[in-house]
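The values are calculated or read from the model by the stated rules, or taken from the named source; none is laboratory data. A quick note: this is a predicted structure, and the numbers were derived from the prediction, not measured. Ideal geometry is used to build each Cβ from the backbone, glycine not excepted, and the neighbour counts take in all protein chains shown. These accessible areas exclude ligands, DNA and RNA; they are computed on the full protein's heavy atoms, side chains included. Shrake-Rupley method; radii C 1.70, N 1.55, O 1.52, S 1.80 Å.
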Amino acid sequence: MGTATALGIRRIEALHYYVRDLERSRGFYTQKLDFAEVGKSGTGLVEGGHQQALVFEAGACRVVCSSPVGEGGRADRFLKKHPDGIGSIVFEVEDAARAYTLLEGRGGTPIHDVRESSSATGTLKMFVIATPFGDTTFRFVERSGDFPLYPGFERYDAPQGGSNSSGFTNFDHVTANFETMTPALLWLEHVLGFERFWQVEFHTDDVARVDDHGSGLRSVVMWDKASGVKFANNEPHRPNFKESQINVFHEEHRGDGVQHVALGVSNIGSAVRGLRARGVEFMPTPKTYYQALPSRLEKLGIGSLAEPLQELEELEILVDGDGPGRYLLQIFLKDSAGMYGSPEAGPFFYEIIQRHGDEGFGAGNFRALFESIEREQRTGAKP
């Protein structure tokens, strides 16, 4: 099969996050991440859709958090099956009708036809499809003019809450976990028209688990070349499949789903300092990572970094790359269950990433993240 015709995706526009405690989410986004609160669900959505929602924005990142109001709504159905988690990913596309026709022709499963909504300032065309990402749907929107948010939502006259002091710019990538990822990879390729971008597999034998062996993962990144939208897809890697943190996610989330989303920044050092001052907690990085870092950077041929290694170690920021001056910096927040001390808050977390000419993911950092999660799972503390 040749390369499929591109869908005309422009970007990941928003995440739709189903939560049990909407006020807690408001505090997290506006007080800790310093997102602005820009809108809320209108009366029609509350009464007809049986959900109450708030909309948060920072840069080009938009997060919609919804909680059930009574029974029968989408938020209620999702949360009866899962802990808090990503229920839908919203893509902005150039032409919704064209994207719909392409997807349906390739075997996609629309939940409804393209729907059009108009306001005094613009028009929104939208449709939703089912996916192999558990109960997470994909929503495609086309905007003309300045349609305010989504149907059933009200945009505030002026934003409330935060001012994006961390400088979040965009959703860099989405990472999802599967018990077996091949169906998702085939779907991303043959239905969405994505291409394979990067892959890695490893086994953490140095992280003691059952029978003194570690566990591992396989990961394949798929991307939409035209827009740069990337999806990293993980599955457990034998032996000790059941102890793999990918399988642990599957059990805690009660199915396949989105594990984390990366938020792009232009100055990760400043962002992490500010976030720590606001009380944001991050996954720990082993000290041995920084002891080995100088030789690793030399082996990778990266050369000198713009950031002092001492600062990276102090802030527990990971660095990886490929070639002279091409590197990336990243750090991972604790997951929601760990932050709130409640399994029903879910295993989802955010990553923060800054790129210096490296568009990859970094197998070294991938392994370091995996080891960090497994160490915390071993001690009984949630990451």
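Glu359 - would you say it is over 23 Å from His260 (Cβ atoms), open to solvent by 40 Å² or more (accessible area, probe 1.4 Å) and charged (D, E, K, R)?
Spelling it out, it is not the case that Glu359 is over 23 Å from His260 (Cβ atoms), open to solvent by 40 Å² or more (accessible area, probe 1.4 Å) and charged (D, E, K, R).
Give the residue that is least open to solvent (accessible area, probe 1.4 Å), with candidates limited to residues of the range 130-145 that are in a strand (DSSP E or B) and β-branched (Val, Ile, Thr).
Looking at the filtered set, the residue picked out is Val141.
Could you name every one of the strands (runs of 3 or more DSSP E) located completely within the range 72-129 that has at least 1 residues being among the β-branched types (Val, Ile, Thr)?
85-93, 122-129
With the structure loaded, tell me whether Thr109 is out of contact with any strand residue (DSSP E or B) (no Cβ under 8 Å at 6 or more places or on another chain), open to solvent by 40 Å² or more (accessible area, probe 1.4 Å) and within 21 Å of Phe194 (Cβ to Cβ) or whether it fails that test.
No, not satisfied.
Based on this model, can you work out whether Phe78 counts as in contact (Cβ under 8 Å) with a residue 40 or more places away in the chain, open to solvent by less than 50 Å² (accessible area, probe 1.4 Å) and within 16 Å of the chain's Cα centre (by Cα)?
Spelling it out, it is not the case that Phe78 is in contact (Cβ under 8 Å) with a residue 40 or more places away in the chain, open to solvent by less than 50 Å² (accessible area, probe 1.4 Å) and within 16 Å of the chain's Cα centre (by Cα).
When you scan the range 283-295, do you find a residue that is among the hydrophobic types (A, V, I, L, M, F, W, C) and under 30 Å from Ser88 (Cβ atoms), even just one?
yes
For residues that are out of contact with any Pro (no Cβ under 9 Å at 6 or more places or on another chain) and more than 26 Å from Ile129 (Cβ to Cβ), tally how many sit in the range 147-171.
Selection size over the range 147-171: 14.
When you scan the range 47-73, how many residues do you find that are open to solvent by 10 Å² or more (accessible area, probe 1.4 Å), in contact with a His (Cβ under 8 Å, 6 or more places away or on another chain) and closer than 18 Å to Gly152 by Cβ?
Qualifying residue count, the range 47-73: 4.
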